1. Where residues in region B:295-338 are under 24 Å from B:G137 (Cβ atoms) and among the acidic types (D, E), which of them is least open to solvent (accessible area, probe 1.4 Å)?
2. Can you find even one residue in region B:20-41 that is within 14 Å of another protein chain (Cβ to nearest Cβ) and over 21 Å from the mean Cα position of the chain (by Cα)?
3. In region A:28-43, what residues are out of contact with any helix residue (DSSP H, G or I) (no Cβ under 6 Å at 6 or more places or on another chain) and surrounded by 17 or more Cβ atoms within 10 Å (Cβ to Cβ)?
4. Can you work out which of the residues in region B:174-183 that are part of a loop (DSSP other than H, G, I, E, B) and either open to solvent by 60 Å² or more (accessible area, probe 1.4 Å) or hydroxyl-bearing (S, T, Y) (or both) is nearest to B:R334 (Cα to Cα)?
5. Which of the following residues is touching a His at 6+ places or on another chain (Cβ under 9 Å), open to solvent by less than 10 Å² (accessible area, probe 1.4 Å) and among the small types (G, A, S): A:G267, A:G224, A:G238?
6. Name every residue in region A:286-318 that is more than 18 Å from the chain's Cα centre (by Cα), more than 24 Å from A:I384 (Cα to Cα) and of a type in the set (A, V, I, L, M), in order of residue number.
7. Which residue pairs have Cβ atoms under 9 Å apart, sit 6 or more places apart or on different chains, and have a first residue in region A:114-135 that is closer than 22 Å to A:V156 by Cα and a second that is of a type in the set (K, R) and in a helix (DSSP H, G or I)?
8. Here are A:L346, A:L415: which of them is open to solvent by less than 40 Å² (accessible area, probe 1.4 Å), touching a helix residue (DSSP H, G or I) at 6+ places or on another chain (Cβ under 8 Å), farther than 24 Å from B:R166 by Cα and not basic (K, R)?
2 protein chains.
Amino acid sequence: MPQCNGTTVPKYWYNIQADLPFTLDPPLHPVTRQPVTAEEMEALFAPELVAQEFNRDREIDIPEVVQDLYQLWRPTPLRRAKRLEQKLDYGGEIYYKYEGTSPVGSHKLNTALAQVYYNVQAGTQRLATETGAGQWGSALALAGYLLGLPIEVFMVRVSAEQKPERLRLIRAFGAKVQASPSASTAFGRQIREASPDCPGSLGIAISEALEVTRAGNGTKYALGSVLNHVLMHQTVIGLEAKQALADLDRFPDVVIACHGGGSNFGGITFPFLAEKFRGQSVRVIAAEPASCPSLTAGRYEYDTGDTAGFTPLLKMYTLGRDFIPPVLHAGGLRYHGASPIVSALLHHGWIEAQTVEEDEARQAARLFMASEGIVPAPESAHAIACALREIYTAQLAGKQETILFCLSGHGLLDLSFYD
Amino acid sequence: MPQCNGTTVPKYWYNIQADLPFTLDPPLHPVTRQPVTAEEMEALFAPELVAQEFNRDREIDIPEVVQDLYQLWRPTPLRRAKRLEQKLDYGGEIYYKYEGTSPVGSHKLNTALAQVYYNVQAGTQRLATETGAGQWGSALALAGYLLGLPIEVFMVRVSAEQKPERLRLIRAFGAKVQASPSASTAFGRQIREASPDCPGSLGIAISEALEVTRAGNGTKYALGSVLNHVLMHQTVIGLEAKQALADLDRFPDVVIACHGGGSNFGGITFPFLAEKFRGQSVRVIAAEPASCPSLTAGRYEYDTGDTAGFTPLLKMYTLGRDFIPPVLHAGGLRYHGASPIVSALLHHGWIEAQTVEEDEARQAARLFMASEGIVPAPESAHAIACALREIYTAQLAGKQETILFCLSGHGLLDLSFYD
């Protein structure tokens, strides 16, 4: 099997909202608790992104500029993990879609380019954002660098300390970045005073980025996960994977991705769920960290996406906006909430969720590394762990399942995970 | 143009020794100054690698195991730098072969897998090696990890200090690594006593690895560049690039690569030189750092490949085995000598060499990054700088040349270069 399958990048994103077999609860205004209007959301986001948030068309055209930029590294490889199959003596087939060949080493660039593009079109002067482990921050910084838009990043403090190279990378792309909670916002200062040793969280970092956005000056906000339009931009992953598997005359029995806010999970799984809605049999599994188990231990209710309560209320599985996840290497999975679409899919029984301890993720990543050579990102390691569980279960049942998982990024900038 | 061109990995390496239009001066024994015999070299290297060092067949079959391992990431992308062409308003075409999609982020894995494979076949118990910036050390460590052979790495001290993440990566693959000059060899201790602040050099690190090898215990030595068989393993780069360009009905006017010991340079250029030997017009340019200019300022004479004088004498351009290059970020280019084949090609006028200041390399890399998104390795940045010179020259002359260069790796583990 060649390293690359498929030679074309999708010309559209798949919008799962067109096919959902249930009604999504709308986002609510945090004060009035009435459904937020597009106008209200446009205070934070570029109009086209707000329109996509509510759009019900099945296919949304990818702008030509974004298509051209995708060509810088897409299509990403879909590979069969033959050496892993051999090592495990597995009679089925294991495939992984590898998003680590992007210039920043993760899938995050798929939506970063789209968001920056629409903001440039709308005349935005600057984008503010949060980042956990730094994958999103570096992706948005690169997108801004490529398209000429200044970027300001609030990076969760513990990740900024664990992963100084990510800070360097964000700065190499000319973006401004600081550890969160920072001293440069009122909310950041408030947290620092109340809790000087606070390791930070995505919820806090989002609040800081939103505070900067609300101050105006042509600043808009960009979110790296959770929202409908973000997950939709990521569907290039699943569309490519589905086509590449179809070229091999395959359809997976199981599709697995790690879950923090939901972006790589939605990206790879939604195009396969489209078939499941039409009756095709496929299991879809979200792998989340045991120490931040929003899908498996959270409550399905309205909560804000950030800690300060600036965002609309989203109906989602949440551990509570004040939840500060314990420090873990998979910084991209340290989020109290979850994507509303992914939450609703789980609530309605279309997908499953499993928790993975960090040690299990690390052992799974080492096994993968020793057979496939790639150093997985700590986040992706959780998906590998779930894939291994599926393989063992299939073996015990004497089944030869075709398993697909998303390797959302490499871990070359997260090597402390392997110390 | 799709991200990937070609769907097959070469089944053979191209052995330029079959076509050289001149006679290579043989390696000499460092004491007797007589041509070294295969038996003498087998004290250091696996027999098959020694045989390849002297082989004159044009095509050497790649073992199936190595072909399978190449499939983990090969073929690597050949991309047209369209955004760079637009930014420079260049009427010609710029292509780059990107080796940074390998699991360790550079081309070094191409020969690492071959060398480890042949050593495992020969019953070697352990491989010792040197590394500059760490690309070679991490590649050999990964190859050992994949094929089950213990690896011991001596890493040039200044690089080990500049790039701690490379040390981490080497250790993540289960290899032993220490900064060189180290306290664990007699030669290392001798250097440390004479010069406590010595930043190290590839020549010193090679001496340390050779001292460990000469102590026996089933240990052999692996070199990441310079030697004929190493460069030959790298010709998969040029073979793929030539095929991918042929598929587009193109042949380059100029081929450019950075030059330290010669491995990525030989890898991409030799298959094109094969055509030049047959009369095809193509310019071939080696880009070396101004602070370590072996090809442009060295003397063409017999010298040892290491500082202690353990290696055979090689006829090459050399700054002298005692030369300690100044500290620079492109640690992979800090070598006093050069590949004997590359040296002879330069001596006989088949190729050119240019020096590049680190600042020019950095500016070139930034321009490339802002158009193509990839963060180039500091070494590769020298090739980009030469490519830009060629573009400007062609523009001034009103020519529309097709330029190909090797982007030998990404710089995600060398970000201090961009601070």
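1. B:D306
2. Within region B:20-41 (the criterion being within 14 Å of another protein chain (Cβ to nearest Cβ) and over 21 Å from the mean Cα position of the chain (by Cα)), the answer is no, since none of the residues qualifies.
3. From region A:28-43, those out of contact with any helix residue (DSSP H, G or I) (no Cβ under 6 Å at 6 or more places or on another chain) are A:28-37, A:39-40, A:43; that's our starting set.
Result: A:L28, A:P30, A:V36.
4. By that ranking, first place goes to B:S182.
5. Working: A:G224 fails: touching a His at 6+ places or on another chain (Cβ under 9 Å); A:G238 fails: touching a His at 6+ places or on another chain (Cβ under 9 Å).
Result of the check over A:G267, A:G224, A:G238: A:G267.
6. A:A308, A:L313
7. Between residues of region A:114-135 that are closer than 22 Å to A:V156 by Cα and residues that are of a type in the set (K, R) and in a helix (DSSP H, G or I), the close pairs are A:T131/A:R166; A:A133/A:R166; A:G134/A:R166; A:Q135/A:R166.
8. Working: A:L415 fails: farther than 24 Å from B:R166 by Cα.
Among A:L346, A:L415, only A:L346 is open to solvent by less than 40 Å² (accessible area, probe 1.4 Å), touching a helix residue (DSSP H, G or I) at 6+ places or on another chain (Cβ under 8 Å), farther than 24 Å from B:R166 by Cα and not basic (K, R).
The values are calculated or read from the model by the stated rules, or taken from the named source; none is laboratory data. Please read all numbers here as calculations on a predicted model, not as lab measurements. As a convention, Cβ positions derive from the backbone with ideal geometry for all residues, glycine included, and neighbour counts pool all protein chains shown. Remember, those area values only see protein heavy atoms, side chains included, never the ligands or the DNA or RNA. Shrake-Rupley method; radii C 1.70, N 1.55, O 1.52, S 1.80 Å.
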